[in-house]
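Read the structure below first, then the notes.
The values are calculated or read from the model by the stated rules, or taken from the named source; none is laboratory data. No experiment lies behind these values; they were computed from the predicted model shown. Here the Cβ positions follow ideal geometry from the backbone for every residue, glycine too, while neighbour counts run over all protein chains shown.
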Amino acid sequence: MTDRSTYLSELSNAEIASLSSGNGFWYSKRVGEVPSFNLSDGPHGLRKQGTSEDHLGMAPSVPATCFPPAVALSQTWDADLIERVGTALGEEGQAEGVGVLLGPGINIKRDPRCGRNFEYFSEDPVLAGELGTAWVKGVQSQGVGTSLKHFAANNQEDDRMRVSSNVDERTLREIYLRPFQKVVTQAQPWTVMCSYNKVNGTYASENPWLLTKVLRDEWGFEGFVVSDWGAVANRVNAVKAGLDLQMPYDGGTADQELTAALDSGEIDRATAQQAAERVARVADRVAESRREGFAYDVDAHHGIAREAAARAIVLLKNEGDILPLTTGQRITVIGEFAATPRIQGAGSSRVNNQRLDVPLEELRAQFGAENVSYAQGFSAETDGTDSDLATEAIASAAAADVAILFLGLGNSQESEGFDRTHIELPVDQIELLKAVAEKQENVVVVLTHGAVLRLTPVIENATAILDAALLGQGGGHAVASVLSGAVNPSGKLAETVPVRLEDVPAWGNFPGEHGNVNYGEGQYVGYRWYESRDIAVSYPFGHGLSYTTFEYTDLRVQPTAAGDSLTATVQVHNTGARDGREVVQLYTSVTDSAFERPVKELKAFAVVDVPAGGSATAALTVAVTDLEVWDVRRDSWIVEGGTYTVQVGASSADIRLTGTVEISGTETPLPLHLDSSFGEVMADPVAARLVIPVLQDSPFVADGDGDDALGVDMMKMLASLPLSRLVAMAPGSLTTEKVQAVIAQVNTENGVTV
């Protein structure tokens, strides 16, 4: 790769400033020898627009494969499959001359109402990080860059350009930054996109703690930081903080401001030149990776889209094993989504899909057109009941052997740009479902949606439920394949389905008010909240049924010889009559932790294919660094030593096997001072040994006949008292000088400095 340092040093301040902003909506600038390159939307499909300057997608983009959005891809829990999807996206980027594909979105699904949840993977940072890493590796294997987004704490659409996400540092690092950290350290995306919002009062685009200290100094990020489109409030402050490329071009105003700041010395030349150099390095990398005349296999990509969609479908319920359906049954299909499928979310990621598998057509091809009737039943974009449509659908259901209802949300009901105010299905759809269930005992519901729905009325009235999320252009074929049994469903939920909205962790703290949203639930996001507080849910994180059954045996857990990870193996037995695929999930907890922790946390997962009657070994590896907690006292990550409980199961609530493993900690002694509590002293072996003798002459230790005068009650009382208060409460017998001398001796023996 070309070394641009010398060349850039010869450019004028105006040219340096120019390199750190775009040319229009979708291109970087060409400045002298530094080439321009295209940036294009595309987390689930390329959305490259031609000459249009339309960021909102009102004008058409080039035809491309629409793969399942992240809401569905995450339900595969299959990093290998997602890397293949990424590779296909990279190929399409190469064919269209795209330099950087803007994705993936790996923000945590803090609340089910977030309008952009369809673009994000999960409520869990390990799952989001692993799947995002696979996506980035796949795309970049084809010489097309990625842009990891939206950095950081971008978890709502409401007031998204101004709101301050106020979150404590431990929660921020362990939940909201952890997936970004995993992707950056494991896959090195060419760019990272900063978010619109503020983080603890400072715009992400102007936040040196985020963009420099954490991203670059701690994680070793090597690429450039690009703004979300329109996210820069002050260009000079942004460049100082670590932003490298402002998008889109604003007509030159911000370039002039940065040039003036350079000329006046408000910002030093080295800082601005470093931003320009980061952009130039990626520009050169794009040019060197370009494959002129490259073409991809459209049919093969549609095949991958179909495979990913089929693996993403979650079988939530299958009462009486009604599914898979059998040939010869009279089937009625009800719902507009069956004939006009919603395959993706609305907003900046909307893809101009090349092909479309329509569920109704695919079901007729699978079961015979003569066996499959159709009734629209309702309008997908309205909430009012159409009595004629409903009457027709109910009559059709009564005359069939089984009714398949395609229910869900339309684009007007969830989209980028706004958050939902509830998590309900439209009333007319629920009323139709109830009416159909009164006439037909075999009711299958197929759900279309980009974010979590309250499913209680569906569970009460449906015999079987498929969560089809948003499946991309191959979704129709995928649904038909699962309903017929050609594909055995293996998808697992990547987020919890609550019983009601009032149960969600962020209830009362979403979407905030007056420009601030407080993350009051802390680290208790998703299943961490429900399980730690023993709140019933409709379906737990990780849930998903199969047309076969699995038994787990022989859990073995041990640390590796190097001590940098632990490994677990478990035997998975297919005890049914169909070949199947199982997602094995590993959760950990810590016995007697010194930190507040959820009752369990996902740390690893593995996908295994198991033939009917056969067995397979699921091997899971947990890096010790994934067991770290952020210790605010030390301002660093530590691994807490002790006994870890390892739970392996089919969901967060369906634990099949449990084991334990001893993990060596990385804690170092904390420095003691006069504000240290007596409890903290007693927890430190060195301190306890040295401090107890000093207390012998104090009123806190009574005279006795050799018995331990520091009884349990006294210890509990003293535990929260700072040493300075002990001195104040025992004048004469204890002195500040005496305690300080002991403190100094403890710190010396522990090798710590204050």
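Across the range 571-588, the number of residues qualifying as more than 21 Å from LEU493 (Cα to Cα) and either under 27 Å from the mean Cα position of the chain (by Cα) or modelled with pLDDT under 95 (or both) comes to 0.
Rundown of residues vs (1) touching a Gly at 6+ places or on another chain (Cβ under 9 Å); (2) among the charged types (D, E, K, R); (3) surrounded by 20 or more Cβ atoms within 10 Å (Cβ to Cβ); (4) not assigned by TED's automatic domain parsing to the domain that holds GLU157, yes/no style:
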residue: ASN371; (1), (2), (3), (4): yes, no, no, yes
residue: ALA380; (1), (2), (3), (4): yes, no, yes, yes
residue: SER396; (1), (2), (3), (4): yes, no, yes, yes
residue: ALA399; (1), (2), (3), (4): no, no, no, yes
residue: ALA403; (1), (2), (3), (4): no, no, yes, yes
residue: SER412; (1), (2), (3), (4): no, no, no, yes
residue: ASP419; (1), (2), (3), (4): yes, yes, yes, yes
residue: GLU424; (1), (2), (3), (4): no, yes, no, yes
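Table: residues versus (1) buried (at least 23 other Cβ atoms within 10 Å of the Cβ); (2) among the polar types (S, T, N, Q); (3) closer than 19 Å to ALA536 by Cα; (4) in the same structural domain as GLY115 (by TED's automatic domain parsing).
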residue	(1), (2), (3), (4)
THR456	no, yes, yes, no
ALA464	yes, no, no, no
GLY472	yes, no, no, no
VAL479	yes, no, no, no
VAL487	no, no, no, no
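Checked against the criterion of being touching a helix residue (DSSP H, G or I) at 6+ places or on another chain (Cβ under 8 Å), closer than 27 Å to ASN197 by Cα and not in a helix (DSSP H, G or I), the range 256-266 has at least one qualifying residue. Taking the options TRP229, TRP209, TRP219, name whichever one is out of contact with any Cys (no Cβ under 7 Å at 6 or more places or on another chain), free of Cβ contacts under 8 Å to residues at least 40 places away in the same chain and closer than 30 Å to ILE82 by Cα. Every option except TRP219 fails the conditions. Those helices (runs of 4 or more DSSP H) of the range 281-368 in which 2 or more residues are surrounded by fewer than 24 Cβ atoms within 10 Å (Cβ to Cβ) and under 28 Å from the mean Cα position of the chain (by Cα) occupy 298-312.
For the residues VAL557, VAL590, VAL570, the requirement of being of a type in the set (Val, Ile, Thr) and farther than 21 Å from VAL629 by Cβ singles out VAL570.
All conditions but one from (1) in contact with a Gly (Cβ under 6 Å, 6 or more places away or on another chain); (2) closer than 26 Å to GLU551 by Cα; (3) charged (D, E, K, R) apply to GLU640; the one that does not is (2). Cβ-Cβ distance below 7 Å, separation of 6 or more or different chains: which pairs start in the range 7-22 with a residue that is within 13 Å of ALA254 (Cα to Cα) and outside the structural domain of LEU39 (by TED's automatic domain parsing) and end on one that is among the aromatic types (Phe, Trp, Tyr) and modelled with pLDDT under 95? Close Cβ pairs (under 7 Å, with a partner that is among the aromatic types (Phe, Trp, Tyr) and modelled with pLDDT under 95) do not exist here.
Sort out which residues of the range 538-565 are farther than 30 Å from ASP503 by Cβ, modelled with pLDDT of 95 or more and assigned to a strand (DSSP E or B), and write them in order of number. Answer for the range 538-565, where residues must be farther than 30 Å from ASP503 by Cβ, modelled with pLDDT of 95 or more and assigned to a strand (DSSP E or B): GLU551, THR553, ASP554, LEU555, ARG556, VAL557. Looking only at the range 604-616, decide whether some residue is of a type in the set (Ser, Thr, Tyr), within 28 Å of ALA134 (Cα to Cα) and surrounded by fewer than 16 Cβ atoms within 10 Å (Cβ to Cβ). Within the range 604-616, none of the residues are of a type in the set (Ser, Thr, Tyr), within 28 Å of ALA134 (Cα to Cα) and surrounded by fewer than 16 Cβ atoms within 10 Å (Cβ to Cβ).
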